[in-house]
Amino acid sequence: MVSVDDYGDFETAWCPGCGNHSILKAVKKALASMGLEPHESIFVSGIGQAAKSPHYLKANVFNGLHGRALPAATGIKLANPRANVIVQSGDGCNYGEGGNHFLAAIRRNIGLTLLAHDNQIYGLTKGQASPTTTQGHATKAQPGGNPSAPFNPVAVAVTMQANFVARGFSGMIDHLADLIVQAINHPGFSLIDIMQPCVTFNKVNTFAWYKERCYEPQGHDPEDWEQAIRLANQWGDRIPVGVIYRGTRPAFEQTLPHPTNDLLYKNRPARDVLKEIMNVYS
Amino acid sequence: MRRELNILIGGEAGQGLVTVGELLTKALIRSGYNVHVCQGYMSRIRGGHNTFAVRAGVERVLGPVSKIDILVALNQETITLHKGQMREDGLVLKDKEIEMEGDGLLEIPFKELAPSPLFENVVGLGFLSALLGLDKAVPQGCIKDIFGKKKPEVVEKNLDVLEAAYSFARKQGIQSHNLARTDQKPGLMLTGNDGVILGAMAAGVNFCSYYPMTPSTGIPMTLNAKGKSLGIVVEQAEDEIAAINMAIGASYAGARSMVATSGGGFALMCEGVSLAGMTETPIVIVVGQRPGPATGLPTRTEQGDLNLVLYSGHGEFPRAIFAPGNPEQGFDLTVRAFDLAERSQGPVFVLTDQYLADSYRNVPPFDLSRVKGPASPGDSWPDPQTYQRYALTDDGVSPRLVPTLGPYLVVADSDEHYPDGHITEDLEVRTAMTEKRLSKEKIIKQDVVPPDYYGPDQVQTLLVCWGSTLGPALEAQGKAGKNKVGVLHFTQVWPLDQDHFRERMGSAGRVVFVESNATAQFARLLEREVVPDSKNYILRYDGLPLDAEYILARLDLS
Ligand SMILES: Cc1ncc(C[n+]2csc(CCOP(=O)(O)OP(=O)(O)O)c2C)c(N)n1
Ligand code: SF4
């Protein structure tokens, strides 16, 4: 039996009341409920407050560069397709610096679970607008209001038919834990965009703000793409949470030719095969 | 009978000149000749002016020459651009539609001898083979090997065209360009890129990610096409940044990883180099140089990115840079690069350039039995609770384990970290980790490849070169006359060990640096390294600023 305690208890560098704490709880809960032992998962993150999450639980960790968690995770998954690879980072990291990688990961449909901590602000660099910040939202860096329209990651992911797209809220820990389990179990690329209050720098999208708006839509069929598109675009007074879209594309890593072994590092070049290849040049 | 010939085939992209050139080169190598091919092409898929220059000799040939013995003109422009390079007794082969007057002209009825334009390259092959006096069975064999996988009728048709071209050439009765016989054993026909590719395969590469960029694209393309039976995974990334991060990720997961790119792509990879340095992840990075800055001359050659590679990545960490001078060295040094990357747990570079990447040579088959696969990461630990990815050790090298294979945890971090991999801002830990990372330089320095010296003990003029300049420098030495010139060639350009070259350079009458760039990058590096090591340093790297107290405490004023 794996329990939440097996994932340890660490002192964090987060502000009290930050949404990251609850997301961490949900992650541990999800992994424990799946019976996954700490060493069976690899957490990959970029840079930011959210990206510190993997340091606060027991797991294998690759904490890379700002915006580059997805490519690093892709390499890890290709080298070890059996590993449970979870990517965790903020909205700035995933959709700003890493925007191109986000689109490519959806297209590639590699078997990763992306947990995007979406606090609609840059936390670690102290309150600049992020790609998901609402237009007009005034920040210290954008005192006249953020001039750009926000990026809607859920809508983009559904439009591109990402294999699993969900929206979560850090204030609904059990609901979020359940989403994480579903995302891990679904083959191919999974996104959970998690709304998360930043109590220090985002005075607009507060816990109460999210709490008032988040609702679980009844009777939604995640396999219905057009319904999903409509739901993904719903934002404002009411924000739907839960699984928005589920596709059936085969996972990228399952389409690869791995003739000798799933774990790439175990492949050693056979001398006769090498010789044959060399002879082609004669 | 000639002992050496320089054949230049010129035409537009899309006219199949590379195919004729490659077939001819293969036939020459199989006939026992030494060859050197220099390819020139423009950055376009159709049109433009491209050249494929094959130099063949009974004796060793090492670089390109400008004088042409046989010019094969597939278009008018070839004549315009190259007729001035013809030797007096040179021969121009051309289609009758191409205009030229004067002696030494031979028209080949490409259209008549070939049933369709598809076969014109075989006409060229047949004609040239006959002209050089090659045994007909050799080009026949080349055709069978290359088209053999297709339908038998395709082979038959091609053989018929070859036969027609052969007898046409014989009827012309030209013997003047026959090559003297050789009994040298045929070798492999390899470009510099091929040497690197075979080296990577022999070293057991598992993973290669890339974003296409001339002249390195051929490396991942070939690994993909030929490496399936070896289980190699090749992934075209969305950009170079993704490519290097993927390769580092795969390496973290245990795979032997590489990326291949050129200067412009490498510029994007630089943050990844730093990541490999900080996370102590082995990775082999092949940089095929071409002229910059920016997009520069995309299909030409230069050795202009040494400084970029040497200083790439922010922060301080050790690295090694190899620079092969020919395909054999490409093979050996790539094998070495994989081994060193694993042993030093960090980035190791193979620096080539377009000239080397694309130029074919005849190379004796590699002795694969000599290649030991590099060390692999481990997959078990006696007491999993005690495993630390960045454990402080005497030589700075920590135990590298593959994650998920046992109950231990592998934590790697781009932030400064404790020995267990977790993030820290403790400045003492910072200092210890900086020293640990830098101390791995010892491993790299232990077996720096010494430069190769070619020439007599005492020499008037010493040519100092690196990478692909080897062949041209050696040819210059040969042509300069007996015992006049020595050549000192560096196949490892970083780190340098002054014991390897100080004496040699000091004893030469004069030292002349030869490199393909405008600012003598290697010369300056070497000159800098020759300065005797000074122990007068006060250094600080715990993250705090220097202050007077710190300086005075370390300043011996007594
Ligand atoms: C290449 C690079 N650019 C910029 C930074 C500085 N930086 C660190 S975190 C961050 C933004 C973090 O925002 P987000 O991803 O939304 O995460 P949060 O802190 O809000 O959880 C930035 C710009 C960096 N570390 N690396
Ligand atoms: S700054 Fe914001 S995101 Fe960062 S820890 Fe504090 S509340 Fe959380």
Expected output for the stretch B:258-278, residues with a loss of 30 Å² or more in accessible area relative to the chain alone at probe 1.4 Å, reads B:GLU271, B:LEU275
Note to self: C-alpha centroids of the stretch A:160-211 and the stretch B:417-483 sit apart, in Å, by 50
Between A:ASN233 and B:GLU77, the two model label points (7 Å from Cα along the beta-carbon direction) sit apart by a distance in nm of 5.0
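Counting only other chains, what is the mean number of Cβ atoms within 10 angstrom of the Cβ of each residue in peptide B:406-417?
On the way: counts 1, 4, 2, 8, 6, 9, 7, 7, 11, 6, 0, 3.
Taking all residues of B:406-417 together, the mean is 5.
Defining a contact as two alpha carbons under 8 Å apart and six or more residues distant in sequence, what relative contact order in percent does the stretch B:442-558 show?
29
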dims of the stretch B:151-281, Cα set, principal axes, largest to smallest, nearest Å -> 68, 34, 28
Any lysines whose Cα falls less than 26 Å from that of A:LYS126, other than same-chain ones fewer than 8 residues away, would be A:LYS25, A:LYS52, A:LYS140, A:LYS203, A:LYS211
Sequence order, the stretch A:53-69: Karplus ³J(HN,Hα) from phi using 6.51 cos²θ - 1.76 cosθ + 1.60, θ = phi - 60°, Hz rounded, Gly and Pro as x, gives 3, x, 6, 9, 8, 7, 5, 6, 9, 10, 9, x, 9, 4, x, 10, 5
Descending accessible area (1.4 Å probe), largest on the left, turns B:GLU153, B:GLU441 into B:GLU153, B:GLU441
Whole-Å distance linking the alpha carbon centroid of the stretch B:182-199 with that of the stretch B:210-265 is 23
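What are the equivalent ellipsoid semi-axes of the stretch A:100-162, built from the alpha-carbon gyration tensor (square roots of five times its eigenvalues), in whole angstrom, biggest first?
Details: eigenvalues 142, 34, 13 Å².
Whole-Å semi-axes of the equivalent ellipsoid: 27, 13, 8.
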In degrees, nearest 10, the alpha-carbon axis of helix B:120-132 is tilted away from the dominant principal axis of the alpha carbons of chain B by 80
Applied in sequence order to the stretch B:57-73, the curve 6.51 cos²θ - 1.76 cosθ + 1.60 (Karplus, θ = phi - 60°) yields integer Hz couplings, x standing for Gly and Pro, of x, 6, 8, 5, 10, 10, x, x, 10, 8, 5, 10, 8, 10, 10, 9, 9
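What net charge is computed for the residues neighbouring B:PHE110, neighbours being all others with C-beta under 10 Å from the C-beta of B:PHE110, Lys and Arg scored +1, Asp and Glu -1? Please report the intermediate quantities before stating the final value.
Working: positive: B:LYS94, B:LYS96, B:LYS111; negative: B:ASP95, B:GLU97, B:GLU107, B:GLU112, B:GLU120.
Result for the local shell: -2.
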Rounded to the nearest 10 Å², the 1.4 Å probe accessible area of B:LEU392 is 100
For chain B, Rg(Cα) over 2.2 N^0.38 Å is 1.10
In Å², rounded to a whole number, the accessible area per residue of the stretch A:125-282 with probe 1.4 Å is 47
Across all Cα atoms of chain A, Rg and the largest Cα-Cα distance (Dmax), in Å, are 19.8, 73
Interchain or sequence-distant (5+) residues whose placed amide H lies within less than 5 Å of the amide H of A:VAL44 are A:PHE62, A:ILE86, A:VAL87, A:GLN88
Rounded to the nearest Å, the spacing of the alpha-carbon centers of the stretch A:14-71 and the stretch A:90-117 is 15
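Once every DSSP H run of n ≥ 4 in chain A is given -39500 (n - 2.57) and the sum is divided by its residues, what mean residue ellipticity at 222 nm do you get, rounded to the nearest 500 deg cm²/dmol? Show your work: numbers first, answer last.
Working: 8 runs with 80 residues, N = 282.
Calculated at 222 nm, the ellipticity per residue is -8500 deg cm²/dmol.
Could you work out how much longer the chain between B:LYS479 and B:LEU544 gets when fully extended? Use 0.36 nm per residue separation minus the Cα distance between them, nm to one decimal.
Values: separation 65, 0.36 × 65 = 23.40 nm, distance 5.82 nm.
Computed gain between B:LYS479 and B:LEU544 is 17.6 nm.
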Expected vector for the stretch B:432-449, Karplus 3J(HN,Hα) from phi with 6.51, -1.76, 1.60 and θ = phi - 60°, integer Hz, x for Gly and Pro, equals 5, 5, 4, 5, 4, 4, 6, 5, 5, 4, 4, 5, 5, 6, 3, 10, 5, 6
Projecting the Cα atoms of B:PRO109, B:PHE147, B:LEU179 onto the charge dipole of the stretch B:70-216, where Lys and Arg contribute +1 and Asp and Glu -1 at Cβ, the residue farthest towards the positive end is B:PHE147
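How high is the FRET efficiency from B:ARG370 to B:ILE146, r the C-beta distance, R0 41 Å, rounded to 0.05?
Numbers: r = 30 Å, r/R0 = 0.73.
My answer for the efficiency is 0.85.
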Answer in debye to the nearest 20: the dipole magnitude of the protein assembly as shown about its Cα centre, from +1 Lys/Arg and -1 Asp/Glu charges placed on Cβ, is 1440
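Take each of the peptides B:420-432, B:288-300, average the number of other beta-carbon atoms within 10 Å over its residues, and list them starting from the highest.
On the way: B:420-432: 16.0, B:288-300: 18.5.
Ranking the peptides B:420-432, B:288-300 by packing returns B:288-300, B:420-432.
Got a sec? What order do B:TYR550, B:TYR418 fall in by accessible area at 1.4 Å, biggest, i.e. largest, first? It would help to have the intermediate numbers written out before the result.
Values: B:TYR550 40, B:TYR418 90 Å².
Correct descending sequence by accessible area is B:TYR418, B:TYR550.
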iface A-B | buried accessible area, total | probe 1.4 Å | Å², round 100 | 4900
Beyond 23 Å (Cα-Cα) in this structure, taken from B:LYS185/B:LYS484; B:LYS228/B:LYS372; B:LYS67/B:LYS111; B:LYS149/B:LYS372; A:LYS266/B:LYS228, we find B:LYS185/B:LYS484; B:LYS67/B:LYS111; B:LYS149/B:LYS372
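Gain in length, B:GLU4 to B:ALA553, computed as 0.36 nm per residue apart minus the alpha-carbon separation, to one decimal in nm? Show your work: numbers first, answer last.
Working: separation 549, 0.36 × 549 = 197.64 nm, distance 6.95 nm.
Gain on stretching B:GLU4 to B:ALA553: 190.7 nm.
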The set of residues whose placed amide H lies less than 5 Å from the amide H of A:LEU191, leaving out same-chain residues fewer than 5 positions away, is A:LEU114, A:PHE164, A:VAL165, A:ALA166
For the stretch B:142-271, dividing by residue count, accessible area per residue (probe 1.4 Å) in Å² works out to 35
Most packed first (mean Cβ within 10 Å per residue), the peptides A:16-23, B:187-194, B:94-101, B:115-122 order as B:187-194, A:16-23, B:115-122, B:94-101
What the Cα atoms of the stretch A:97-215 span along the principal axes, largest first and in whole Å, is 43, 31, 23
Ranked output for segments A:131-141, B:377-387, B:134-144, B:403-413 by mean other Cβ atoms within 10 Å, highest leading, reads B:403-413, B:134-144, A:131-141, B:377-387
Over chain B, the sum of -39500 (n - 2.57) across DSSP H runs of at least four, divided by residue number and rounded to 500 deg cm²/dmol, gives at 222 nm -11000 deg cm²/dmol
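What ranking of B:ARG524, B:ARG30, B:ARG437 comes out by heavy-atom accessible area, probe 1.4 Å, highest first? Could the numbers behind the result be given before it?
Values: B:ARG524 155, B:ARG30 65, B:ARG437 10 Å².
Most to least solvent-accessible, the answer reads B:ARG524, B:ARG30, B:ARG437.
For peptide B:190-203, what's the mean number of Cβ atoms from other chains within 10 Å of each residue's Cβ?
Taking all residues of B:190-203 together, the mean is 2.
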Note on chain B: contact order normalised by length, alpha-carbon pairs under 8 Å, 6 or more apart, percent, works out to 12
Amide H neighbours of B:MET86 at under 5 Å, excluding residues fewer than 5 places away on the same chain, with H built from the backbone geometry, are B:ILE68
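The values are calculated or read from the model by the stated rules, or taken from the named source; none is laboratory data. Values in this document were obtained by computation on a predicted structure and should not be read as measured data. Don't worry about glycine lacking a Cβ; one is built from the backbone with ideal geometry, like all the others, and counts go over all protein chains shown. Accessible surface is based on the protein model in full, side chains and every heavy atom, while ligands, DNA and RNA are left aside. Shrake-Rupley method; radii C 1.70, N 1.55, O 1.52, S 1.80 Å.
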